[in-house]
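Encoded as structure tokens, the structure appears first; notes follow it.
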Amino acid sequence: MDRKQFAHVADVLRIGDGVYNASESHRDAIIRDSWRRCIELHRLDPTTMQEPYILPHERLREHQDSIDEFLRIARHGVETLYRQVAGMGYVVLLTDARGITVDFIGDPTFDNQLRKAGLYLGADWNESHAGTCGVGTCINTGQALTVHQDDHFDATHIPLTCTAAPVFDPLGDPLAVLDISALKSPQPKSSQHLARQLVQIYAHKIENATFLHRFRRDWIIKLNASPEFMDLDPEYLVALDGGGRILGFNHLARRLLQRESSGDPEAVPLLGEPFGQFFECDLAGLSRYVHSRPSEKRAITLGASRKTLFAEAMPPQVLHSPRREHAAASSAEPPVPAPMLALTGGDPTMDRHLARAARLVNANISILLLGETGTGKERFAKAMHDAGARSRKPFIGVNCAAIPESLIESELFGYASGAFTGARSRGKKGMILEADGGTLFLDEIGDMALGLQGRLLRVLAERELWPIGASGPVPVDVRVMSATHRDLVEMVVVGEFRDDLYYRLNGAVFQMPPLRERADLDWLIERLLAAVAERDGRPAVFGVDALDRLRGYQWPGNIRELRNVVEYACAVSRSRVIRELDLPEYLAGNPLIASRPGPKHHAATDNPARPVEEKGRTLKEALRRHKWNVSAAARSLGISRATIYRHMKQYGIVPPNLE
């Protein structure tokens, strides 16, 4: 350690110990806070200089594959930014939300130096490992910033200058970080002001390009304070469904809409709200803002602040395929296919799920269905399969909890001839290959053994599998849909479920509503009665007394329990009208049954109905399990470190060393 590095370590320790106050230190507040965080939460030692960590190729591929479509879209922005800064000695890094460098452009002449400095593909710039740095501190704060030379926590990095800006996903949440860094730079931090402006500009461009691609089949509203720049470089982007409800927004639009709403911005339910709640315009009025009209005549007023912006309304792109052309042209919102319409009688939650699922029936992404036992997760998956292009191929359902652990590997992956004693002479195809070209539905995925989780992950990543005893891999094309009533996030926290598999499975997540919360109970009852009548030839209806019992019950077994009750009542009833006494004993004549609470089920972490106290307990338990390492807890919960810190403050969670 040279003299400069020794002095830097002493400076870090003084600020970490609180010897300096804000007025005495020349450091920015964001740097001082990060240094303290590195010592107090990440438990990093400033006296230990660490070499940058470069991920092995296999692990890097996992990070890249999880955001492969985003990387494809972002690549042009990364290349264009590099052309702007290459002559000044910078490299361009694009990391994922965990700080792993998933794309990189630098001068190959300095390849060895860049790799040694960590300015390289696969480098881990997570603040919990690398200390205060451009990428890691940007992730923790959600802000664009420059970490210049001895702003870095680790003395290894003090020759570097790093400028980073966050890239947000189409719902306004952190997705990636764009960074430009240099091995050497002028001493003043102000020399990086232009670098910061450039990074912010290109992060915004990448974010907008991702947004426009994601919502190309929906209404997109571009907004800018200037009519001249509104068409070319919109500040704000908002996506709407066919009913004029908000589907998504870029980060600037999210902040704009939150400012327009009263109360706590974190509590404002933006998604699903009508566009007209924030702007003096509804869906019918969007025709006034199409591109064919002069931009200066497309002024739009915000409802609360009365601020004026200029808008361009982009209708959904029409898919010119023979099957879909007529349907897409007749409605901005893709019609819900008939197999899926049969799942709802007008329940708002199910209607929203089905509208979103209708856009995903042919998307090659995994579907994860969460919810209590009996809520119809498999029927939902089968309806999506029947509505899509894979409907001519098999839908293979596997109950991961019902097959013995000793058999599930051979049942799923199959085996070659003579693979083991007792094996069939011709081998066995296995359920995954049975589903080739179609859909593999993994029910109760939370009960799959850890060892099999790893094998399943490889199938999803490589699109091939190795049957037991086979001499080589077999290619397979399946769409995976999975379901569970268990809390997979909590299972990841305690090490019972692989986090990499979880992120493979949750391409699109649907939380199935319990029956007690659905608004279409009467419709479901009528459907079940009609099915019994068609099968047995005995039409029946529920009398008022019996129907009141059904309406007041909590239905802990959900639709499955309702089906059993209807079947029982139809079988027991001696007349066409089913009375209260025809119901099962636990329902009939019990005055307490209507108020009896259903069983407690663990909901997913991102379920907004989950009680605040339970969220706080889950967060605190995750922090304890990871010895108060915020980054490790954030990875296990699948959220950003900035969110962890915000929730710690919200729930009053204080690390033991600060109590």
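The values are calculated or read from the model by the stated rules, or taken from the named source; none is laboratory data. From a predicted model like this one, the values you see are computed outputs, not experimental measurements. Note that we place each Cβ from the backbone using ideal geometry, even for glycine, and neighbour counts take in every protein chain shown. Ligands, DNA and RNA are excluded from the accessible area calculation, which covers all protein heavy atoms including side chains. Shrake-Rupley method; radii C 1.70, N 1.55, O 1.52, S 1.80 Å.
Being open to solvent by less than 60 Å² (accessible area, probe 1.4 Å), out of contact with any helix residue (DSSP H, G or I) (no Cβ under 8 Å at 6 or more places or on another chain) and at pLDDT 85 or above is true for just one of Ala470, Ala530. Which residue is that?
Only one candidate qualifies: Ala530.
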Identify all residues within segment 487-497 that are of a type outside the set (A, V, I, L, M) and crowded, with 19+ Cβ neighbours inside 10 Å; write none if there are none. Asp487, Glu490, Phe497
If you scan segment 90-123, which residues turn out to be of a type in the set (Phe, Trp, Tyr) and part of a loop (DSSP other than H, G, I, E, B)? Tyr120
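For residues in segment 204-221 being among the charged types (D, E, K, R), open to solvent by 30 Å² or more (accessible area, probe 1.4 Å) and not in a helix (DSSP H, G or I), which is farthest from Glu235 (Cα to Cα)?
Arg217
Would you check if there is a residue in segment 362-381 being open to solvent by 40 Å² or more (accessible area, probe 1.4 Å), part of a helix (DSSP H, G or I) and either closer than 20 Å to Glu561 by Cα or touching a Lys or Arg at 6+ places or on another chain (Cβ under 8 Å) (or both)?
Taking every residue of segment 362-381 in turn, at least one turns out to be open to solvent by 40 Å² or more (accessible area, probe 1.4 Å), part of a helix (DSSP H, G or I) and either closer than 20 Å to Glu561 by Cα or touching a Lys or Arg at 6+ places or on another chain (Cβ under 8 Å) (or both).
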Among residues belonging to segment 171-203 that are within 20 Å of the chain's Cα centre (by Cα) and surrounded by fewer than 23 Cβ atoms within 10 Å (Cβ to Cβ), point out the one that is nearest to Phe70 (Cα to Cα). Leu175
Exactly one of (1) at pLDDT 85 or above; (2) within 30 Å of Gly388 (Cα to Cα); (3) in contact with a Gly (Cβ under 8 Å, 6 or more places away or on another chain) is unmet by Ser331. Its number? (1)
Out of Ala313, Ala342, I need the residue that is at pLDDT 55 or above, over 30 Å from Ser226 (Cβ atoms) and not polar (S, T, N, Q). Which one? Ala342
For segment 60-90 the number of residues that are at pLDDT 85 or above and of a type in the set (Gly, Ala, Ser) is 3
Report every pair of residues separated by at least 6 positions or lying on different chains whose Cβ atoms are under 9 Å apart, first residue within segment 555-575 and part of a loop (DSSP other than H, G, I, E, B) and open to solvent by 10 Å² or more (accessible area, probe 1.4 Å), second modelled with pLDDT under 95 and of a type in the set (Gly, Ala, Ser). Pro556/Gly374; Pro556/Gly598; Gly557/Gly374; Gly557/Gly598; Ser575/Ala540
Filter result (hydrophobic (A, V, I, L, M, F, W, C), open to solvent by 60 Å² or more (accessible area, probe 1.4 Å) and at pLDDT 85 or above) within segment 224-263: none
Of all residues in segment 500-527 being among the charged types (D, E, K, R) and open to solvent by 50 Å² or more (accessible area, probe 1.4 Å), the one that is farthest from the chain's Cα centre (by Cα): Glu526
Those residues of segment 286-314 which are outside any loop (DSSP other than H, G, I, E, B), open to solvent by 80 Å² or more (accessible area, probe 1.4 Å) and free of Cβ contacts under 8 Å to residues at least 60 places away in the same chain, in sequence order: Arg288, Lys297
In segment 537-554, how many are open to solvent by 40 Å² or more (accessible area, probe 1.4 Å) and closer than 25 Å to Glu378 by Cα? 2
Of everything in segment 145-165 that's in a loop (DSSP other than H, G, I, E, B) and touching a Leu at 6+ places or on another chain (Cβ under 9 Å), which residue is most open to solvent (accessible area, probe 1.4 Å)? Pro159
Kindly check whether there is at least one residue in segment 566-573 that is under 40 Å from the mean Cα position of the chain (by Cα) and not aromatic (Phe, Trp, Tyr). yes
Quick check on this structure: which one of Gly87, Gly77 is closer than 27 Å to His148 by Cα, of a type in the set (Gly, Ala, Ser), part of a helix (DSSP H, G or I) and free of Cβ contacts under 8 Å to residues at least 40 places away in the same chain? Gly87
Segments classed as helices (runs of 4 or more DSSP H), wholly inside segment 465-544, with at least 3 members that are over 18 Å from Phe441 (Cα atoms) and of a type in the set (A, V, I, L, M, F, W, C): 488-493, 521-536
Name the pairs: first residue in segment 164-180 and at pLDDT 85 or above, second residue among the acidic types (Asp, Glu) and open to solvent by 20 Å² or more (accessible area, probe 1.4 Å), Cβ to Cβ under 8 Å, at least 6 apart or on different chains? Leu175/Asp169
Is segment 515-532 home to any residue that is without any contact (Cβ under 8 Å) to a residue 40 or more places away in the chain and of a type in the set (Lys, Arg)? no
Out of the residues in segment 434-451 that are at pLDDT below 90, within 17 Å of Ala483 (Cβ to Cβ) and in contact with a Lys or Arg (Cβ under 9 Å, 6 or more places away or on another chain), which is most open to solvent (accessible area, probe 1.4 Å)? Asp447
Would segment 390-411 turn up any residue that is modelled with pLDDT of 85 or more, more than 20 Å from Arg504 (Cβ to Cβ) and part of a loop (DSSP other than H, G, I, E, B)? yes
Count, please, the residues in segment 152-167 that happen to be of a type in the set (Val, Ile, Thr) and in contact with a Ser or Thr (Cβ under 9 Å, 6 or more places away or on another chain). 3
Kindly indicate whether Arg75 is more than 24 Å from Arg504 (Cβ to Cβ) and charged (D, E, K, R). no
Test: Gly598 is under 28 Å from Gly446 (Cα atoms) and either at pLDDT below 75 or open to solvent by 40 Å² or more (accessible area, probe 1.4 Å) (or both): yes
